[in-house]
Amino acid sequence: MRTLAGIGASPGFALGPIHTIRLATIVPRRRAVAVKDVPVEIERFRVAVERARDQIRDLSEQLTHELGSEEGAILSSQLLILEDEMIWDATLAAIRLERINAEAAFARTVGDLAARFLEIEDATFRDRVNDLRDVEQRVLRGFTDGAVVGPVPPAVPSIIASRNLTPSDTAALGRYNVLGFVMDEGGNTSHVAILARSLGVPAVVGLRGAAAQLAVGDIVAVDGTGGQVLVEPDDDTRQRFSVLTRQQVVVNEKLAYLRDLPAISPDGRRVQMMANIELPIEVEEALARGAEGIGLLRTEYLFFQHGTIPTEDDQVRIYNEIVRRMGGRPVIFRTLDVGGDKVSDYLGAKREYNPFLGWRGIRFSLANRVLFKTQVKAIYRAAAAGSAKLMFPMITGVEELRQAREVCAEAVAELAAEGKPHVPDIQVGVMIETPAAVLAADLLARECDFFSIGTNDLIQYTLAMDRGNSRVSYLYRPLHPAVLRSIKLTVDAAHNAGIWAGLCGEMSAETRLAEVLFGLGLDEISTHGAALPKVKQVIRWTPYSEARSVADHLLAMTTADEADAWLADYIATRKRERAAEGGPA
Ligand code: PEP
Ligand code: MG
């Protein structure tokens, strides 16, 4: 048995035979073209693009039919590539001026563009190279007879292994017989990761060459939660994975009953359970897991997907769709949080020497007021399609909040003057994710409608540990006294001012912490769809009085180690007691 380590891009477990996907890459030969044949080459290019366009449309329809409109829309970026003026101009110029054949002219244009994207240190752009290459190969195939040479779907339930799957390959595979994905390339933001999560299929990406070496029929065990692939697992491991995969189904089925039930404790304390999403395709999963709304919509991902700065109307269209699909449940739009590790050249946020302390979040938005106001206007307009709230990232003090609210006031005044339907009085909140915001929470609470605690950044800034640096990741301690005190301070400040406080950082997905968060008095918890039912279940089983005493115990600890040990012990004892009482384990 061999263990391959990668990145767990979609959680869950799978055991099965490998089905490899290796599409032959077409590398066109360059040939000289006579002047009289230039129009012929241009026509060949036009026809090849048209064939590619038809294929992508068909695939998009198939994906929409199987998975829903947002998944289908993933391929729309490829249609945009086919219409890209720069690609057309450069290809036609090479045919006309250098007199080379259309395939070679097109492949070179795409190659140049891909090289430029690869120079940008941003996963989103690397994913775009994937799209570009996918489109390139499709168009090149269109020069011959236009036949679709797509991946062959597995005939039996299998684990798909490939160097990298493009969105259209993934779409062509469909969902049948796909148990999991193992890929050499890609990260958490790659399309295959997004689609795998949406399908609820485990995926391990970033295997750096090991996936391509797997052969058809090899048996592998995929641990999408831990980011591991076990090749030719021994009998014990096979047994363990069979149990894990069966448990997965059983756990999901068991938790499904929670979907329409509120997160209310036996002594009547209610917590709003919301979902964090990055892209519209996650809405269905959020609803299926019983989300009462979207507690954090990271809007920057929508911008990254778009590839260019979306206009106000573009944004309204995307936001409206999400708000409408949530059917009256609130959607909290977090305004652009670029900067830090989320740089994007086209937005003008650059890599910086000390990026997490740099031009990030609200700082970037306030410095780009036109961009910011456009987004804010789109959010006020989207509120008319259902229920929306708005919140600002990376706030460090009241000045920033006031300036941001000024932009909101301008946005509302302009929308009224323009006669565009909007809701002028939506709730406006602040993410509490800097120590400054925690310490100034009482001041901020007087001037906003809610708080949402972003523990990913709050822990990073409070414990001075870069959240992207694996050498200091051991310092990520949600139960560190400084972190727990910060949450408590924030919640108390909110309640003293009569506003609500939620939490949307990753610590919300740790079931062991659910009771503590509940006991700290949070009114709302926003987490990944997959984690939501388990957190809800803990709240439904735990009297608030008990959760408060757990929180108080932990707040009295001196170190994170002590707190972790105490909590582990407490959870084990409670499990035993509940089992003895005949209640839920
Ligand atoms: C956070 O910081 O906890 C948060 C939710 O925002 P992000 O992870 O997008 O920075
Ligand atoms: Mg944050």
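The values are calculated or read from the model by the stated rules, or taken from the named source; none is laboratory data. If you're wondering where the values come from, they're calculated on a predicted model, not measured in any experiment. Cβ: placed from backbone, ideal geometry, glycine included. Neighbour counts: every protein chain shown. These accessible areas exclude ligands, DNA and RNA; they are computed on the full protein's heavy atoms, side chains included. Shrake-Rupley method; radii C 1.70, N 1.55, O 1.52, S 1.80 Å.
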Enter the angle in degrees (range 0 to 90, nearest 10) between the Cα long axis of helix 532-541 and the first principal axis of the Cα atoms of the chain, meaning the one along which they spread out most.
-> 10
With a ≥ b ≥ c the root eigenvalues of the C-alpha gyration tensor of the chain, is it rounded (a/c under 1.5), prolate (a/b larger than b/c) or oblate?
-> oblate
Using Cα atoms only, what is the angle between the long axis of helix 312-325 and the major principal axis of the chain, expressed in degrees (0 to 90) to the nearest 10?
-> 60
For the stretch 35-142, restrict the atom set to alpha-carbon positions and state the Rg and Dmax in Å.
-> 14.8, 48
Mean Cα-pair separation over length for the stretch 35-142, i.e. relative contact order, pairs under 8 Å, 6 or more apart, % = 32
Give the relative contact order (percent, whole number) for the chain; include only Cα pairs under 8 Å separated by 6+ residues.
-> 13
Give me the angle, in degrees from 0 to 90, between the Cα long axis of helix 102-119 and the longest principal axis of the Cα atoms of the chain, rounded to the nearest 10.
-> 30
Take the cross-link list K389/K488; K254/K488; K373/K488 and give me the ones stretching past 27 Å between alpha-carbons.
-> K254/K488; K373/K488
Mean residue ellipticity at 222 nm from the helices of the chain, using -39,500 (n - 2.57) per DSSP H segment of n ≥ 4 over the full residue count, to the nearest 500 deg cm²/dmol?
-> -15000 deg cm²/dmol
Say each of T144 and R324 gets a label point 7 Å from the Cα, pointing the same way as Cα to Cβ; how far apart are those two points in nm?
-> 4.2
Relative to the present Cα-Cα distance, how much length would full extension add between A482 and D314 at 0.36 nm per residue of separation?
-> 56.3 nm
Exposure ranking of M274, M1 by accessible area [1.4 Å probe, largest first] | M1, M274
Considering only DSSP beta bridges whose two residues both sit in the chain, what percent are antiparallel, to the nearest 5?
-> 35
Return the carbon/sulfur percentage of the accessible area of the stretch 35-142, one whole number, probe 1.4 Å, all protein chains in place.
-> 53
Figure the gain on full extension for R208 and N469 (residue separation times 0.36 nm, minus the Cα-Cα span) and round it to one decimal in nm.
-> 92.0 nm
Quick one: accessible area per residue over the chain, 1.4 Å probe, rounded to a whole number of Å²?
-> 42
Based only on Cα atoms, what Rg/Rh ratio does the stretch 273-415 have, Rh being taken as Kirkwood's radius?
-> 0.96
Loop-located GluC sites (Glu not before Pro) in the stretch 522-585, at most 14 other Cβ atoms within 10 Å (DSSP) = none
N496 to L80: FRET efficiency via 1/(1 + (r/R0)^6), r the Cβ-Cβ distance, R0 45 Å, to the nearest 0.05?
-> 0.35
In nanometres, what is the gap between the two model label sites at A568 and A556, each 7 Å from Cα along Cα-to-Cβ?
-> 2.2
Once the Cβ-Cβ distance between I219 and R402 is put in as r, and R0 is 51 Å, what FRET efficiency do you end up with, to the nearest 0.05?
-> 0.25
The stretch 239-293 shape via C-alpha gyration tensor axes, a/c threshold 1.5 | oblate
Multiply the residue separation of T511 and E253 by 0.36 nm, subtract the distance between their alpha-carbon atoms, and state the gained length in nm to one decimal.
-> 91.1 nm
Would you kindly find the accessible area of W359, with a 1.4 Å probe and non-protein molecules such as ligands, DNA and RNA excluded, rounding to the nearest 10 Å²?
-> 100
For K420, K254, give the ranking by accessible area with the largest first, probe 1.4 Å.
-> K254, K420
Between L443 and A384, how many nm apart are label points set 7 Å from Cα along the C-beta direction?
-> 3.7
Ignoring ligands, DNA and RNA, what percent of the 1.4 Å accessible area of the stretch 261-556 is carbon and sulfur?
-> 52
In vacuo Debye scattering of the stretch 261-556, one point per C-alpha: log10 I(q)/I(0) at q = 0.10, 0.11, 0.12, 0.13 Å⁻¹?
-> -0.51, -0.62, -0.74, -0.88
Sites E119 and K575 - FRET efficiency at Förster radius 41 Å, r taken between beta-carbons, to 0.05 | 0.20
